Amino acid sequence: MNGDIDGEDEEYVKIYVTDNTETEHDLTVDKESGEIAYHTQDGYPDDPTERTLAESERVHQARKFAQYCVFTERGYDTVPPTIHPERLNAVRVSIATLSEDRLDDYFGDFYRQLRSHHHDTDRVIDVPADATDADSVLYRKNVYLGIDPVETELREGAQELAARHGFDFSDRSISERSLDTVSDEELDSWTAFSQDLGELAVETDADLSEGLQIDSVSSLYTAYLDDRGEEHVTDADEPFEREPDALLELPMMDPGSLEAFRDYLNHNLSCQIRDCFVRMGLEPPEPFRILGYGRFEAAEQYRHLEMYPNYIDPEEERAFAYG
């Protein structure tokens, strides 16, 4: 894959992409939403219904690559969050550093639900009554990142802003504060502080990556197939109205110990990062050239498209056989 940015205006970035079959794509990416505003190419049918599955995947590769190229070269937030490799890696690292209590707070329901299929443990949620069987159910949880300014280069500025808004967090992480202990007035102060901190980060072009941490998660929910093969997704309680930074979805499996489950989440997110690059038509960075289950959608493509090795198969010899 190769991308050549041809220019931009106040709203859009124009980019030419050459895919792995040497087909050229002319795309326009919306700088604010990341949506593809225009896309034409000279190698596949214009009507999506006339394309083969492989041709459709090549088109989607070009679109994903264009969004990622605009992000990496121009810095615009054009990559959808749950297929954004940098965000997924931030979630992966954050989970790896959680204390065991915090791990249980965020993911204990997920862990116990999976254990309930293999051990005498109460289920957190019921298997949907119209699911074909338990094997057809994917358990899901959305993960949201936040920023602890104490851990960033904005530490001093953040402390000054906090003092201006009437509180002091110099000796504790924001993540340790519970909303149950915050009054309406304090919450208003935190909101104003957050807005001012965001403006400060933009003004100083600060690197906030060191302060990324798990901020919150959704409730546990499911995606499943019924007897007619139709997919259903149950409702979840979400802590925010924005899009999550990662989607964890796992089939019925024995998670082992809680620490073993943390290791598996690490592996799953690493596989999701692999999926992001593969489905942009790129070789993943070396740490993510691994085999295993990432996202269900990607796994289905690997099973059905000859253009891909089956990256979920631990014995796949075609994978990463470069040179």
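The values are calculated or read from the model by the stated rules, or taken from the named source; none is laboratory data. The structure presented is a predicted model; accordingly, all values stated were derived computationally and were not measured. Cβ: placed from backbone, ideal geometry, glycine included. Neighbour counts: every protein chain shown. Side chains are part of the model used for accessible areas, which takes the heavy atoms of the whole protein and leaves out ligands, DNA and RNA. Shrake-Rupley method; radii C 1.70, N 1.55, O 1.52, S 1.80 Å.
Derived from the Cα gyration tensor, the three semi-axes of the equivalent ellipsoid of region 3-59 are 23, 13, 8 Å, largest first. Summed over the residues of region 1-140 and divided among them, the accessible surface reaches 52 Å² per residue at a probe radius of 1.4 Å. Per-residue Karplus couplings for region 269-276, computed as 6.51 cos²θ - 1.76 cosθ + 1.60 with θ equal to phi - 60°, are listed in order as 5, 4, 5, 5, 4, 3, 4, 4 Hz, Gly and Pro entered as x.
Counted residue by residue at 0.36 nm each, then reduced by the alpha carbon distance between them, the extension gain from Thr97 to Asp237 reaches 47.9 nm.
With a Förster radius of 45 Å applied to the beta-carbon distance between Ser116 and Asp46, the computed FRET efficiency rounds to 0.35.
With equal scatterers on the alpha carbons only and no solvent term, can you work out the Debye log10 of I(q)/I(0) for region 1-156 at 0.10 1/Å? Cα-only, vacuum Debye calculation for region 1-156: -0.61.
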